[in-house]
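Taking it in order: structure first as structure tokens, then the write-up.
The values are calculated or read from the model by the stated rules, or taken from the named source; none is laboratory data. Because the structure is predicted, anything quoted here is derived from the model rather than measured. Neighbour counts run over all protein chains shown; Cβ positions are idealised from the backbone, glycine included.
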Amino acid sequence: MKKLVLLGIVLRAGILFAQDVSLDKKLGAENALMVEQEIGLYRHDSLQQLVSNIGQKLVSRLTKNPFEFKFFLADSPEPNAFALPGGYIYVTRGILPIVQTEDELAGIIAHEIIHVMQRHSVKQMKKGIVPNLLKIPGNLINTVTGTQLGNVLNAPIELTSKAFIANYSRGHESEADRFGVQLTASAGYNPAALADALNRLSKEIELMTGQAEQHSYFSDHPYTPSRESAIRSSAPKYKPVNPSPIAKSQSQFLSRFNGLCFGNNPQQGVFSNSVFIQPDLGFSWIIPSAWKTINKPTVVAAFAEKGDGLVALRLTDGKKTPHALGEEAKEKAVRTEGTQVLAAHDTTLHSLPAYILRMKTTNGKNEALVELVWLDFKNNVIQLAGMSTLALRNTMHQSVCSFRNSTDQEKEGVLIFEMHIARSGENETLASVSERTQNRLNPEFTSLINNLSHQRSLEKGQAIKVVKARPYRPH
């Protein structure tokens with residue numbers, strides 16, 4: 001688990017024009033679409049409304065605001081919040097469980113608003129600090145399929161969320177903290193609350209990684225305890241102006257968290273050992289054992305650690321048949337230098353109509369096999385692709401051709417983990433509430449998300465966050 005302490009998004013490169021925010025708006029709109037495609041948006045009405053209302057309350061305190069701010073929940077289990085130029089603010093569902101109060105959530109959102117107002121992403125680009133990971137060179141797969149699928153096969157690691165997250169400089173983070181504290185107070189919130197959220201976030205990352213954050217004078221990113229200290233030192237200078245929280249009580253605030261998906265979202269499909277199961281569409285796909293996996297709204301993929309074998313699955317737009325798509329790809333392959341078509345024909349895979357295209361590509365002394373399959377599945381056209389060295393061709397081929405209907409047992413075995421707000425009884429502790437509610441989190445995480453000791457006595461009726469499991473019901 002990488003450190004994700006209120007980071008930002010890597011953006012497509014562009015030219016910076018002095019104080020002209022048209023670039024910010026253009027970059028924001030383009031990359032908002034990419035976030036939706038590569039990370040996904042999460043629907044949870046009560047939390048979406050809460051985040052939007054807090055965000056707009058903070059924005060209303062800004063002066064000379066040239067942007068139209070929009071607030072979203074990102075469908076990621078990773079604890080993070082990030083901003084795009086032009087006013088696109090994202091809070092992941094993964095950061096919400098550690099949030100204890102509306103003040104903390106306001107502090108997180110205010111921090112990101114300041115990144116936008118100070119144009120930090122655009123300034124990073126001007127300095128050439130932000131790597132342009134999104135412009136990966138195309139390859140044979142892109143040429144033959146007419147898609148960007150080759151980008152997945154070329155650089156699967158970059159297409160995980162690491163490709164979208166980049167550190168701001170120490171100065172930019174400190175500036176966002178400093179002005180964020182002021183903005184938070186001006187909207188009636190506790191200006192020191194962000195420090196509490198950062199402290200808990202740092203502890204969560206330590207629990208997930210097994211490593212405490214280390215201070216380094218050579219790091220570009222500020223040390224979290226230093227940020228906490230700076231926030232707590234400056235916060236007393238600013239008193240909350242006319243406090244009027246969106247949630248009228250702490251109990252009402254916590255009730256918004258009921259039903260929040262915790263961990264991986266089955267709606268995007270789940271990996272069970274070496275099988276990928278998509279319960280909404282009802283299909284399963286076997287990937288090679290021990291290969292690393294990627295699961296995005298637009299593509300599911302797996303790759304060998306050495307990078308010498310890759311497989312990927314995606315939905316096409318469905319406007320053309322597998323035969324038509326395969327024939328188009330074959331014609332492109334024939335005209336592609338260094339490519340030899342080995343086989344191209346209609347077939348069936350597990351009783352599903354399909355078209356398969358096998359190719360060999362040569363680049364100097366290096367040879368690779370490419371295999372593409374298009375198949376009809378419940379009014380969808382699924383495209384599977386693989387690329388490997390000759391040594392892994394059987395492994396790659398078996399995976400590409402393993403697509404099938406899910407069994408009832410596979411579908412029934414998919415669980416969704418959700419947050420619920422339980423109420424403590426007489427003389428209960430966090431441990432006894434966990435046992436009574438069949439809480440699926442371990443004691444350390446349960447204590448963290450509730451900011452309570454596991455053996456501490458609770459008041460009767462106290463609201464406690466727990467995570468329960470239930471069978472996933474396809475949408």
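Listed values, structure above:
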item	result
Residue in segment 447-470 that is touching a strand residue (DSSP E or B) at 6+ places or on another chain (Cβ under 6 Å), buried (at least 17 other Cβ atoms within 10 Å of the Cβ) and within 26 Å of Lys292 (Cα to Cα) present	no
Among (1) in contact with a Pro (Cβ under 8 Å, 6 or more places away or on another chain); (2) among the polar types (S, T, N, Q); (3) more than 30 Å from Pro474 (Cβ to Cβ) - the single one Ser399 does not satisfy	(3)
Scope segment 256-273; condition under 15 Å from the mean Cα position of the chain (by Cα) and small (Gly, Ala, Ser); matching residues	Gly263, Gly269
Odd one out for Gln455, checked against (1) outside the structural domain of Ile356 (by TED's automatic domain parsing); (2) modelled with pLDDT under 95; (3) within 28 Å of the chain's Cα centre (by Cα); (4) not aliphatic (A, V, I, L, M)	(3)
Flag if Ser46 is more than 15 Å from the chain's Cα centre (by Cα), among the hydroxyl-bearing types (Ser, Thr, Tyr) and over 20 Å from Gln267 (Cα atoms)	no
Yes/no for Gln383 being polar (S, T, N, Q) and under 26 Å from Gly338 (Cβ atoms)	yes
Residue within segment 38-46 that is over 27 Å from Tyr223 (Cα atoms), modelled with pLDDT of 95 or more, hydroxyl-bearing (Ser, Thr, Tyr) and part of a loop (DSSP other than H, G, I, E, B) present	yes
Candidate set from segment 48-69 (those that are in contact with a strand residue (DSSP E or B) (Cβ under 6 Å, 6 or more places away or on another chain) and in contact (Cβ under 8 Å) with a residue 24 or more places away in the chain); member that is nearest to Leu27 (Cα to Cα)	Gly55
Subset of segment 330-350 [modelled with pLDDT of 95 or more and polar (S, T, N, Q)]	Thr347, Thr348
Extreme residue, surrounded by the most Cβ atoms within 10 Å (Cβ to Cβ), among residues of segment 340-361 that are over 14 Å from Leu372 (Cβ atoms) and of a type in the set (Ser, Thr, Tyr)	Thr348
Checklist (1) more than 24 Å from Val275 (Cβ to Cβ); (2) charged (D, E, K, R); (3) touching a strand residue (DSSP E or B) at 6+ places or on another chain (Cβ under 6 Å); (4) modelled with pLDDT of 95 or more applied to Lys360, failing item	(4)
Residue list for segment 253-287, restricted to those being touching an Asp or Glu at 6+ places or on another chain (Cβ under 9 Å) and among the aliphatic types (A, V, I, L, M)	Leu260, Val275, Ile277
Per-region count, segment 243-284, residues in contact (Cβ under 8 Å) with a residue 40 or more places away in the chain and among the basic types (Lys, Arg)	1
Single unsatisfied condition, Gln148 versus (1) out of contact with any Leu (no Cβ under 8 Å at 6 or more places or on another chain); (2) surrounded by fewer than 22 Cβ atoms within 10 Å (Cβ to Cβ); (3) modelled with pLDDT of 70 or more	(3)
Those helices (runs of 4 or more DSSP H) lying entirely in segment 376-475 with at least 2 residues hydrophobic (A, V, I, L, M, F, W, C) and under 30 Å from Gln250 (Cβ atoms)	430-437, 443-450
Number of the condition not met by Ile39 [criteria: (1) touching a helix residue (DSSP H, G or I) at 6+ places or on another chain (Cβ under 8 Å); (2) closer than 28 Å to Ala192 by Cα; (3) among the β-branched types (Val, Ile, Thr)]	(2)
Test: residue in segment 381-397 that is in the same structural domain as Pro297 (by TED's automatic domain parsing), crowded, with 19+ Cβ neighbours inside 10 Å and either of a type in the set (Val, Ile, Thr) or more than 19 Å from Leu313 (Cα to Cα) (or both)	yes
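Each row is one residue, and each column tells you yes or no for (1) buried (at least 24 other Cβ atoms within 10 Å of the Cβ); (2) at pLDDT 95 or above; (3) outside any loop (DSSP other than H, G, I, E, B); (4) on the phi > 0 side of the Ramachandran plot.
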{"residue": "Glu68", "(1), (2), (3), (4)": "no, yes, no, no"}
{"residue": "Leu73", "(1), (2), (3), (4)": "no, yes, yes, no"}
{"residue": "Pro77", "(1), (2), (3), (4)": "no, no, no, no"}
{"residue": "Val91", "(1), (2), (3), (4)": "yes, yes, yes, no"}
